[in-house]
1. Under a point spin-label approximation (7 Å from Cα along Cα-to-Cβ), what is the Val273-Asn120 distance to one decimal in nm?
2. So, R0 is 45 Å and r is the distance between the beta-carbons of Thr8 and Ser207; what FRET efficiency does that work out to, to 0.05?
3. Checking the cross-link filter: which lysines have an alpha carbon closer than 23 Å to that of Lys323, excluding same-chain neighbours under 8 positions apart?
4. Ala271's amide H: which non-local residues (gap 5+, or another chain) put their own amide H closer than 5 Å, with H modeled 1.01 Å from N in plane and none for Pro or chain starts?
5. Using Cα centres only, tell me the gap between the range 80-127 and the range 157-232 in whole Å.
6. Probe of 1.4 angstrom, ligands and nucleic acids ignored: what's the accessible area per residue over the chain, in square angstrom?
7. Do the sum for the chain: with -39,500 (n - 2.57) for every DSSP H run of n ≥ 4, divided by all residues, what is the mean residue ellipticity at 222 nm, to the nearest 500 deg cm²/dmol?
8. How big is the convex hull of the Cα atoms of the range 1-130, per residue, in Å³?
Amino acid sequence: STGGAVATPEDHDVEYLTPVSIGTPEQILNLDIDTGSSDLWVFSSETSRSEVKGQTLYDPSNSSTAQKLEGYTWSISYGDGSSSAGEVYLDTVSIGALTVSSQAVEVAQKVSSEFTSDSNNDGLLGLGFGSLNTVQPNAQKTFFDNAMPALDSPVFTADLKAGIPGRYNFGYIDPNAYTGNITYVSVDDSQGFWDWTSPGYAIGSGSFENTTIKGIADTGTSLLLLPSSVVSAYYGKISGAKYDSTQAGYVLPCSPTPPDFAFGVGDDGAAIVLPGKYINYAPTGSSGTTCFGGIQGDSGIGFAIFGDVALKAAFVVFDGGSKTLGWASK
Ligand SMILES: O=C(CNCCc1c[nH]c2ccccc12)Nc1scc(-c2ccccc2)c1C(=O)NCc1ccccc1
């Protein structure tokens with residue numbers, strides 16, 4: 001079997017939302033597919049009313065296939081301080097033509113203000129490794145883990161785009177979605193992430209800098225978070241760029257367009273190039289002359305995060321069979 005669905009960007013490509021069908025008759029929620037976590041949680045009829053602002057709610061009592069996992073709970077918090085928690089049901093979940101008949105659907109009873117204010121986001125669908133799942137007393141499998149045995153090929157692909165809809169596909173690699181070759185690199189799943197190592201980077205037309213960058217492919221994080229040495233080298237090339245402590249990040253003049261940023265993939269010289277305009281993440285004020293940088297530091301995290309700013313420059317294969325990542329330009 002195969003499947004897939006569109007991934008539509010919110011403002012500034014801060015996140016990408018994908019329609020996911022849950023229950024019988026189907027209830028369609030727009031979820032943030034997140035390779036950096038492993039819980040499928042949704043806004044629901046159980047979410048406290050004061051914490052809901054416009055989201056579509058999954059109501060298990062309206063689904064003939066919903067089964068409550070009595071005594072099961074979940075609770076998750078993310079590095080930005082956001083969090084959610086609740087109870088667990090099993091129900092039928094589909095992404096396009098791909099259906100998992102008994103998927104753990106974690107219904108939120110509480111969500112933090114970041115999620116309440118994100119009115120188009122009805123929840124997250126985690127595609128990290130199972131060890132990250134927070135359900136107690138027994139961890140639950142991700143949609144991909146449940147689907148994998150039936151897939152034509154044990155893969156899913158992320159084809160996110162700048163400012164326009166892209167796609168997530170399951171079970172096959174669309175040869176029309178990328179250019180050149182796909183370069184596969186090994187993944188360390190010991191922390192539950194799609195964790196890989198880039199051999200280095202280049203700034204604009206500059207020479208390639210060989211430096212090991214270990215990080216995760218994370219569709220659930222907006223920005224490209226890199227070691228401070230790389231970040232200061234990049235912004236050091238841009239007159240007027242500076243670290244702004246009030247914004248808690250590097251800001252830069254929105255024009256002229258900043259230099260491209262390339263990160264290496266594999267040891268054959270392959271690289272993914274981010275056009276400089278991707279680094280103009282969002283204007284910081286009303287004048288529109290200063291932009292918040294799409295590349296920021298990863299200090300305190302312990303690894304780099306190749307978030308949407310990086311992923312939208314590539315076609316990425318998440319191979320659950322060989323536990324590898326494939327990167328291609330497009
Ligand atoms: O959690 C995920 C993926 N799911 C995000 C879901 C989500 C969390 N708010 C959301 C808001 C809307 C939609 C989805 C999400 N990735 C990882 S791995 C390590 C860290 C981390 C650890 C310590 C410190 C920093 C990061 C994060 C992290 O917190 N990213 C989000 C972020 C990273 C930086 C800044 C903001 C957010």
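The values are calculated or read from the model by the stated rules, or taken from the named source; none is laboratory data. It should be emphasised that the depicted structure is a prediction, and the values quoted were computed from it without experimental measurement. Glycine gets a Cβ as well: all are built from the backbone with ideal geometry, and neighbour counts include every protein chain shown. Keep in mind that these areas ignore ligands, DNA and RNA; they rest on the heavy atoms of the full protein, side chains included. Shrake-Rupley method; radii C 1.70, N 1.55, O 1.52, S 1.80 Å.
1. 3.0 nm
2. Working: r = 38 Å, r/R0 = 0.84.
Rounded to the nearest 0.05, the efficiency is 0.75.
3. Lys141, Lys214, Lys312
4. Answer set, sorted by chain and number: Val265.
5. Cα centres, the range 80-127 to the range 157-232: 25 Å.
6. 40 Å²
7. Rounded to the nearest 500, the figure is -1500 deg cm²/dmol.
8. Value for the range 1-130: 108 Å³ per residue.
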